[in-house]
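Engineer: Before I ask anything, let me first share the structure, which is written out below as structure tokens.
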Amino acid sequence: MKYIEKTNYQFDLDHLNFEWKYIQDFVLTNDQWYRTQTCLQHSKDCVNKYTDGCGSIKRADGSVPASDFCLINDIYRGTIFEAIINELNVVRSRIMIIDKHRTYSSVHADRTKRSHFVLNTNPYAFFLFPRNPIEKSEIIHIPSEVIHIPADGYVYKVDARLPHTFVNAGEESRTHLVMCHG
Amino acid sequence: MDSTDIMIKEISYDIDVEKIREELKAIPDPMRQTCLQGVEGSSDPYLGIGVSGSKNAWERERNDDYRLTDFKFPLFDMPYINGLIEKLGMFHTRYMYLKPKTCYSYHRDRTKRIHIVVTTNEDCWLVVEEQIYHLPINDSYYIVDTTKMHTAINASTHGRIHIVGIHQQYSPVMQLISKPRITEVARNS
């Protein structure tokens, strides 16, 4: 079973980071963030185009599929981000930052596969995929896959439908461009 | 994993976690790491708390010159916990609260650690050399080989509490590697 697969899609990491840094520092406003996430795409029914697709989209309306978030947000028009979204034909794209010493909550399974492009990371930022369901009473060893995705300019396909979580046990935050396959 | 490469060893013991929880109500700030053992002449429960942020934990900045072995005096009126600490021969014992959705830096210590689990759930793990472990609450304590690269993860929405200490038996090189104590003469010179 492939948890994470390196694709042949490659983009200019420096260019992405240059554009992201500009957008993060000078364009995005506080209300365009949901915690440490912000959307690059929205659905036609969004109230806030930059946050409605963040977090669990079930929180707003469980019936909204990821594929509805297919419209590019204005500030990303003409950027390398738009080019990547078009080339990969992806939906519900988000920038997701995990601060140092933070984790996602609990092991969970998403509805779709995801493509990840790493803008920045550290060696101790990793996905954790338990191979079997975790039994409450069970000690102790949980056979798992611990996988770090490097910032090497390639797109990685993550089978987020498998139970997983993410841990950043490093000293710097990590930033991924996360894109859903509808 | 090689059978000789045991990262975590469970030791069956008659630990009463309810008693521990009751006594831990004396902790001044339950959402902060707190020493249960201090040095002679000090009642500061935060003196022996390290600063996070280094791959090699012993390289972290310290504000004192004490050896870990100096942290051996009970700081709180916790008869059951202090009794356990004494019976298990622990020193530099700390109450360790790990906030929800957080983890420690991936690091290694110079000594193995004894863990007594006080509050946990199935989304709390230790990662040691990329192997994942969950320590359940039972009557046992655990010896964790924290000399290997490791971190603790709380991927849940509830706090996790362990009592963590050092035991000389499981850390035979302790005396050799402890930070040399600066004498009063040296301090004053």
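Values in this text are rule-based calculations from the coordinates and carry no lab data. Bear in mind that the values here come from a model prediction, so they are computed numbers and not experimental data. Cβ atoms come from the backbone with ideal geometry, glycine included; neighbour counts cover every protein chain shown.
Engineer: Ignore the peptide's own chain and count Cβ atoms of other chains within 10 Å of each Cβ in A:171-179; give me the average, rounded.
Structural biologist: Counting other chains' Cβ atoms within 10 Å and averaging over A:171-179 gives 1.
Engineer: Compute the angle between helix A:13-22 and the longest alpha-carbon principal axis of chain A, please, reported from 0 to 90 degrees and rounded to the nearest 10.
Structural biologist: 60 degrees
Engineer: Hey, another quick one. Assuming R0 = 51 Å, can you tell me the calculated FRET efficiency for the pair B:M149 and A:D74, based on Cβ-Cβ distance, to the nearest 0.05?
Structural biologist: Computed FRET efficiency for B:M149 and A:D74 comes out at 0.70.
Engineer: Continuing with the same structure: Using only the alpha carbons of the stretch A:4-180, what is the convex hull's orientation-averaged projected area in square nanometres?
Structural biologist: Average of the hull's projected areas for the stretch A:4-180 equals 10.6 nm².
Engineer: Filter A:K100/B:K112; B:K25/B:K99; B:K9/B:K148; A:K6/A:K113 down to the pairs with a C-alpha to C-alpha distance above 20 Å, please.
Structural biologist: On the way: A:K100/B:K112 25 Å; B:K25/B:K99 17 Å; B:K9/B:K148 14 Å; A:K6/A:K113 13 Å.
In this structure, A:K100/B:K112 lie more than 20 Å apart at Cα.
Engineer: If you count, for each residue, the other Cβ atoms within 10 Å and average over each peptide, how do A:38-47, A:4-13 line up from highest to lowest?
Structural biologist: A:38-47, A:4-13
Engineer: Then there is this: With a 10 Å Cβ neighbour count serving as the proxy for reagent exposure, in which order, fewest first, do A:H181, A:H101, A:H116 appear?
Structural biologist: Numbers: A:H181 16, A:H101 24, A:H116 20.
Sorted ascending by nearby Cβ count, the order is A:H181, A:H116, A:H101.
Engineer: Where the only charges are on Cβ atoms (+1 Lys, Arg; -1 Asp, Glu), what is the dipole of the stretch A:4-180 about its Cα centre, to the nearest 20 debye? Could you put the intermediate results ahead of the total?
Structural biologist: On the way: 20 positive and 22 negative charges, 93 e Å.
In total the dipole reaches around 440 debye.
Engineer: Residues with beta-carbon under 9 Å from that of A:F129, excluding A:F129: net charge, scoring Lys, Arg +1 and Asp, Glu -1?
Structural biologist: Result for the local shell: -1.
Engineer: How much mean residue ellipticity at 222 nm does chain A get from its helices, if each DSSP H run of length 4 or more adds -39500 (n - 2.57) and you divide by all residues, to the nearest 500 deg cm²/dmol?
Structural biologist: Computed ellipticity for chain A at 222 nm equals -3000 deg cm²/dmol.
Engineer: Here is a further query. Within the set of other residues whose C-beta is less than 14 Å from the C-beta of B:K101, count the net charge using Lys and Arg as +1 and Asp and Glu as -1.
Structural biologist: Its environment carries a net charge of +3.
Engineer: Quick one: divide the alpha-carbon radius of gyration of the protein assembly as shown by 2.2 N^0.38 Å and tell me what you get. Spell out each step's value before the answer.
Structural biologist: Numbers: Rg = 23.5 Å, N = 371, 2.2 N^0.38 = 20.8 Å.
Compactness ratio reported: 1.13.
Engineer: Just tell me how shielded A:141-149 is by partners: mean number of partner chain Cβ atoms within 10 Å of each residue's Cβ, no decimals.
Structural biologist: Going residue by residue through A:141-149 and averaging, the value is 4.
Engineer: Continuing with the same structure: Alpha carbon centre of the stretch A:55-121 versus the stretch B:64-90: separation in Å?
Structural biologist: Cα centres, the stretch A:55-121 to the stretch B:64-90: 49 Å.
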